[in-house]
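Enquirer: Dumping the structure here so I can ask a few things about it.
The values are calculated or read from the model by the stated rules, or taken from the named source; none is laboratory data. Quantities reported herein were computed from a predicted structural model and do not represent experimental measurements. Methodologically, a virtual Cβ is constructed for each residue, glycine included, from the backbone with ideal geometry; neighbour enumeration extends over all protein chains shown.
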Amino acid sequence: MHARARWFGVAAVCVLAYPVLAAAPQNDWTWALPAGFPEPKVPAGNPMSVAKVELGRHLFYDARLSVTGRFSCASCHKQELAFTDGLARSVGATGELHPRSSMSLANIAYSPALTWANPTQRDLERQATVPMFGEDPIELGLSGRERELFATVSADPQYRALFARAFPGESGVVNLSTITRALGAFQRSLISGNSPYDRYKAGARNAISASAVRGEALFFDEKTECFHCHGGFTFTGTVDHVGKGFPEVEFHNTGLYNIDGKGGYPAPNTGVHEVSEDPDDMGRFKAPTLRNIAVTAPYMHDGSIATLEEVLDHYAAGGRTVKSGPNAGVGADNPYKSEFLKGFTLTAREKSDLIAFLRSLTDSTFLTDRRYANPWPATHAARGNAQPRGTR
Amino acid sequence: VTLVDAAGARVPVTLDVTEPWQDGQVAMLDFEDATGACSNGTPDVRHQLTGTIPEGAAGAWQQLEFTLGVPFDRNHGDPTVQPSPLSQTRLFWSWNAGYKFMRVDMRATPAGSDTAAPKSWVIHLGSTGCTPSGGASVVPTACANPNRARIVLRSLDPLHDVIAVDLGALLAESDLLVNTEKTAAGCMSAGTDPDCGPLFGSLGLTHPSGPATPVQKLFRVQRRDVTSASGSAPR
């Protein structure tokens, strides 16, 4: 009887406490989604809120989140380039060359697999620990510096207000969980669906050129097979959203390399194989979104193709032949190559039509939307203008 | 951590909760003190595990066992919320969705040379080949190579012995001036990296480039030296 009485006591406390927690302004987020875009899936532990997205934006652009104080997430993910960096391979805070090219963050909320070829990276919160703390390669270079990071963030009066509003139920605490949840919320807010092609699909028949219309037909044709890996509203086969039932995660070998005649890709960029160590995963990479593709050159996981025209040449050939050097080989003969890389021929006009279609996927409002821009004043230390630590 | 008495009875050791070193399940040992090649390290060091055994269990111990590694669920738990030592970002191994079980960062120069530029040679031990089997799974459901080393130390006298961590024995068959081309500098646990073979062998782990019957050599029992403070058995 005594134990039962105590249980009632606990229940009463919970009932009393609940309205206090529920009063926090947490459910104020509304998705302003383009036509045809379903609602993104959001982790149960990180519901969207206006304040959290705003905090995440400040963190995303804060150069103090790096070992040098001069480098931020935005250093490799620039808004005007659809959150890529224009480099073949990215360069980290300490100058280390990354093996791979920066990926666009447009519509990342719909991607159930993150980065180029890592099936273990499924949510943005945990993925953030890779660029923050990774050492091979060094990106932001914060490994072993979490205490300094929390101290810097906690000491900023603006962050005190931002964290308090974003995490009222946790007293605005600054820790790795709140930092990564805010970064995740901001990245999920990066929705791109207002390209000329979207306006065309919505009924504005003159939003894209006649050439782009012909290119659209080619893109969705079995001749080119483009849409098999770049299908759907995100133009990538790796997609998930509310109501979908289950996520789809696809990795493809597109015959870019064949360095040993047995399908080998040059290390360390062996694709999913690098993580799984399964020989069948050699050269398998995620198909990136084609939204804003005209502004995200150079292309492929290692930036090894400079232009969209050359990308089409690669697919038309059913794989790339590297004639000389350490990566020489006939990619078209790669035994792990996707069944959709069967090659095709295009006339000059068809090629320019396809390019016109791809260019119609550029959403200029996304590239300039002030909600996604750097919120820090030009002279603020978060801009990374300060001298590097340890020097004068 | 488990103690085995003379009759073969196994007695689990309950690890203390001692921030930041132990959380009751996982313990961290720390031998670098931010000097030398470890200038990015921390001055704090930790040379011991502490824990308890049930009252009355004290007896004639013959064997001590422990696992060098992080239990599967904890290894793939959320690193943004786990308590220390699993909040230590130096041990994050996020691209492999887990933690480094052991990290040894070294720089090597040829013997007798004062001028040669030191070469980096690091050991990052952890589970590899970890992939989700279900589409919706956030955490890996299996690792092809768990790489958790079960260490069994026999002929242990807890009152008079200590456990030595012998880096020289671990590296005895490795040439730190040589790194296989197009692999990590040293060994980052890749099955495709031949530099890992002898190291894994000396940890008692199998590896495609390692010995067929690996025998761990990193940990050994030695008589307590009155001047030594390099470790102690669980009390």
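Enquirer: List the number of the failed condition for residue B:44; all other conditions in (1) of a type in the set (D, E, K, R); (2) away from chain A (no Cβ under 13 Å); (3) assigned to a loop (DSSP other than H, G, I, E, B) hold.
Expert: (2)
Enquirer: Does at least one position in region A:248-259 carry a residue that is within 14 Å of chain B (Cβ to nearest Cβ) and under 21 Å from residue A:36 (Cα atoms)?
Expert: If we filter region A:248-259 for residues that are within 14 Å of chain B (Cβ to nearest Cβ), which is where we start, we get A:248-251, A:257, A:259.
Add one more test, that the residue is under 21 Å from residue A:36 (Cα atoms), and what stays is A:248-249.
Yes, region A:248-259 contains a residue that is within 14 Å of chain B (Cβ to nearest Cβ) and under 21 Å from residue A:36 (Cα atoms).
Enquirer: Considering region B:145-175 alone, what residues qualify as being more than 23 Å from residue B:105 (Cα to Cα) and either part of a helix (DSSP H, G or I) or in contact with a Ser or Thr (Cβ under 7 Å, 6 or more places away or on another chain) (or both)? Break it down into steps so the answer makes sense when it comes.
Expert: Applying the first criterion (more than 23 Å from residue B:105 (Cα to Cα)) to region B:145-175 yields B:152-162.
Passing the criteria: only B:162.
Enquirer: Another question, if that's okay. For region B:140-199, give me each residue that is closer than 19 Å to residue B:95 by Cα, of a type outside the set (A, V, I, L, M, F, W, C) and under 20 Å from the mean Cα position of the chain (by Cα).
Expert: Scanning region B:140-199 gives B:145, B:146, B:147, B:148, B:186, B:189, B:191, B:193.
Enquirer: Please find, within region A:275-288, the residue that is farthest from the chain's Cα centre (by Cα) out of those that are facing another protein chain (nearest Cβ under 8 Å) and in contact (Cβ under 8 Å) with a residue 60 or more places away in the chain. Lay out the reasoning, then the answer.
Expert: Looking only at region A:275-288, we keep the residues that are facing another protein chain (nearest Cβ under 8 Å), and these are A:275-278.
Those still in the list that are in contact (Cβ under 8 Å) with a residue 60 or more places away in the chain too: A:275-276.
Working: A:275: 19, A:276: 21 Å.
Looking at residues that are facing another protein chain (nearest Cβ under 8 Å) and in contact (Cβ under 8 Å) with a residue 60 or more places away in the chain, I get A:276.
Enquirer: Could you please find all residues in region A:172-189 being aliphatic (A, V, I, L, M) and either crowded, with 23+ Cβ neighbours inside 10 Å or assigned to a helix (DSSP H, G or I) (or both)? Full working, then the answer.
Expert: Start the filter on region A:172-189 by keeping residues that are aliphatic (A, V, I, L, M), which leaves A:173-174, A:176, A:179, A:182-183, A:185.
A:176, A:179, A:182, A:183, A:185, listed by residue number.
Enquirer: Against the condition touching a residue at least 12 places away in the same chain (Cβ under 8 Å), of a type outside the set (D, E, K, R) and away from chain B (no Cβ under 12 Å), how does residue A:171 come out, does it pass?
Expert: On the way: touching a residue at least 12 places away in the same chain (Cβ under 8 Å): no; of a type outside the set (D, E, K, R): yes; away from chain B (no Cβ under 12 Å): yes.
Answer is no for this residue.
Enquirer: Restricting attention to region A:122-140, does a residue exist that is among the β-branched types (Val, Ile, Thr) and away from every other protein chain (no Cβ under 14 Å)? If you could, list the steps in order and put the result at the bottom.
Expert: At the first step, the residues of region A:122-140 found to be among the β-branched types (Val, Ile, Thr) are A:129-130, A:138.
From the residues that got through so far, the ones that are away from every other protein chain (no Cβ under 14 Å) too are none.
Checking region A:122-140: not a single residue is among the β-branched types (Val, Ile, Thr) and away from every other protein chain (no Cβ under 14 Å).
Enquirer: Any residue in region B:204-224 that is modelled with pLDDT under 95 and over 19 Å from the mean Cα position of the chain (by Cα)?
Expert: Yes, there is a match, as at least one residue in region B:204-224 is modelled with pLDDT under 95 and over 19 Å from the mean Cα position of the chain (by Cα).
Enquirer: Restricting attention to region A:242-260, does a residue exist that is over 25 Å from residue A:359 (Cβ atoms) and not in a loop (DSSP other than H, G, I, E, B)?
Expert: Looking for residues that are over 25 Å from residue A:359 (Cβ atoms) and not in a loop (DSSP other than H, G, I, E, B), one finds at least one in region A:242-260, hence yes.
Enquirer: I've got another one for you. Give me the residue from region A:39-82 that is closer than 17 Å to residue A:169 by Cβ and polar (S, T, N, Q) and, out of that set, surrounded by the fewest Cβ atoms within 10 Å (Cβ to Cβ).
Expert: The residue in question is A:46.
Enquirer: Only residues that are at positive phi and more than 16 Å from the chain's Cα centre (by Cα): list them for region A:228-254, please.
Expert: Result: A:232, A:243, A:245.
Enquirer: Those residues that are among the polar types (S, T, N, Q) and touching a strand residue (DSSP E or B) at 6+ places or on another chain (Cβ under 7 Å), I need them from region A:85-110; list them, please.
Expert: Here is the first cut: in region A:85-110, the ones among the polar types (S, T, N, Q) are A:90, A:94, A:101-102, A:104, A:107.
Matches in region A:85-110: A:94, A:102, A:104.
Enquirer: Looking at (1) under 22 Å from residue B:128 (Cα atoms); (2) of a type outside the set (Phe, Trp, Tyr); (3) surrounded by fewer than 16 Cβ atoms within 10 Å (Cβ to Cβ), find the lone condition where residue B:47 falls short.
Expert: Against the list (1) under 22 Å from residue B:128 (Cα atoms); (2) of a type outside the set (Phe, Trp, Tyr); (3) surrounded by fewer than 16 Cβ atoms within 10 Å (Cβ to Cβ), residue B:47 comes up short only on (1).
Enquirer: Could you please tell me which pairs satisfy a Cβ distance under 7 Å, a separation of 6+ or placement on different chains, a first residue in region B:109-133 that is within 17 Å of residue B:192 (Cα to Cα), and a second residue that is among the acidic types (Asp, Glu) and part of a loop (DSSP other than H, G, I, E, B)?
Expert: As it stands, the answer is B:128/A:277; B:129/A:277, since those pairs meet every condition given.
Enquirer: Can you find a residue in region B:179-194 that is farther than 30 Å from residue B:58 by Cβ, away from chain A (no Cβ under 14 Å) and assigned to a loop (DSSP other than H, G, I, E, B)?
Expert: First, pick out the residues of region B:179-194 that are farther than 30 Å from residue B:58 by Cβ: B:179-194.
Narrowing the set further to residues that are away from chain A (no Cβ under 14 Å) leaves none.
No, every residue in region B:179-194 fails to be farther than 30 Å from residue B:58 by Cβ, away from chain A (no Cβ under 14 Å) and assigned to a loop (DSSP other than H, G, I, E, B).
Enquirer: Please pick out the residue among A:343, A:319, A:303 that is surrounded by fewer than 17 Cβ atoms within 10 Å (Cβ to Cβ) and either closer than 19 Å to residue A:253 by Cβ or at pLDDT below 95 (or both).
Expert: Working: A:319 fails: surrounded by fewer than 17 Cβ atoms within 10 Å (Cβ to Cβ); A:303 fails: surrounded by fewer than 17 Cβ atoms within 10 Å (Cβ to Cβ).
Matching residue, one of A:343, A:319, A:303: A:343.
Enquirer: Restricting to region A:230-270, name every residue that is in contact (Cβ under 8 Å) with a residue 12 or more places away in the chain, small (Gly, Ala, Ser) and under 22 Å from residue B:192 (Cβ atoms). Please lay out each step first, then the result.
Expert: Looking only at region A:230-270, we keep the residues that are in contact (Cβ under 8 Å) with a residue 12 or more places away in the chain, and these are A:230, A:233-244, A:247-266, A:268-270.
So of that shortlist, the ones also small (Gly, Ala, Ser) come out as A:237, A:243, A:255, A:261, A:263-264.
Result: A:255, A:261, A:263, A:264.
Enquirer: Going through B:203, B:170, B:176 one at a time, which residue ends up being more than 20 Å from residue B:68 (Cβ to Cβ), surrounded by 15 or more Cβ atoms within 10 Å (Cβ to Cβ) and more than 14 Å from chain A (Cβ to nearest Cβ)? Outline the logic, then answer.
Expert: Working: B:203 fails: more than 20 Å from residue B:68 (Cβ to Cβ); B:170 fails: more than 20 Å from residue B:68 (Cβ to Cβ).
So the residue among B:203, B:170, B:176 that is more than 20 Å from residue B:68 (Cβ to Cβ), surrounded by 15 or more Cβ atoms within 10 Å (Cβ to Cβ) and more than 14 Å from chain A (Cβ to nearest Cβ) is B:176.
Enquirer: Among the residues that make up region A:83-90, is at least one of them closer than 30 Å to residue A:32 by Cβ, surrounded by fewer than 24 Cβ atoms within 10 Å (Cβ to Cβ), touching a Leu at 6+ places or on another chain (Cβ under 9 Å) and at pLDDT 95 or above? Show your work before the answer.
Expert: Kept after step one, since they are closer than 30 Å to residue A:32 by Cβ, are these residues of region A:83-90: A:83-86.
From what's left, surrounded by fewer than 24 Cβ atoms within 10 Å (Cβ to Cβ): A:85-86.
This time we only want the ones that are touching a Leu at 6+ places or on another chain (Cβ under 9 Å), so: none.
No, because not a single residue in region A:83-90 is closer than 30 Å to residue A:32 by Cβ, surrounded by fewer than 24 Cβ atoms within 10 Å (Cβ to Cβ), touching a Leu at 6+ places or on another chain (Cβ under 9 Å) and at pLDDT 95 or above.
Enquirer: A further question follows. How many of the residues in region A:196-229 are in a loop (DSSP other than H, G, I, E, B) and more than 21 Å from residue A:343 (Cβ to Cβ)?
Expert: So the count comes out to 8.
Enquirer: Go through region B:54-100 and give me each residue that's among the aromatic types (Phe, Trp, Tyr), within 13 Å of chain A (Cβ to nearest Cβ) and assigned to a helix (DSSP H, G or I).
Expert: The initial filter retains those residues of region B:54-100 that are among the aromatic types (Phe, Trp, Tyr), namely B:61, B:66, B:72, B:92-93, B:95, B:99.
Still in the list and also within 13 Å of chain A (Cβ to nearest Cβ): B:92-93, B:95, B:99.
Across region B:54-100, the qualifying residue is only B:95.
Enquirer: While we're here: Being out of contact with any strand residue (DSSP E or B) (no Cβ under 7 Å at 6 or more places or on another chain) and among the aromatic types (Phe, Trp, Tyr) is true for just one of A:246, A:251. Which residue is that? Lay out the reasoning, then the answer.
Expert: On the way: A:251 fails: out of contact with any strand residue (DSSP E or B) (no Cβ under 7 Å at 6 or more places or on another chain).
The conditions single out A:246.
Enquirer: Go through (1) within 13 Å of chain A (Cβ to nearest Cβ); (2) part of a loop (DSSP other than H, G, I, E, B); (3) among the polar types (S, T, N, Q) one by one and return the number of the condition residue B:113 breaks.
Expert: (1)
Enquirer: Here is a list of conditions, (1) in contact with a helix residue (DSSP H, G or I) (Cβ under 9 Å, 6 or more places away or on another chain); (2) within 11 Å of another protein chain (Cβ to nearest Cβ), and residue A:147 meets all of them except one; can you say which number that is?
Expert: So the condition that residue A:147 fails would be (1).
Enquirer: Sort through A:338, A:352 and tell me the only one that's among the hydroxyl-bearing types (Ser, Thr, Tyr), in contact with a helix residue (DSSP H, G or I) (Cβ under 9 Å, 6 or more places away or on another chain) and assigned to a loop (DSSP other than H, G, I, E, B). Reasoning before the result, please.
Expert: Working: A:352 fails: assigned to a loop (DSSP other than H, G, I, E, B).
Just one listed residue meets the conditions, A:338.
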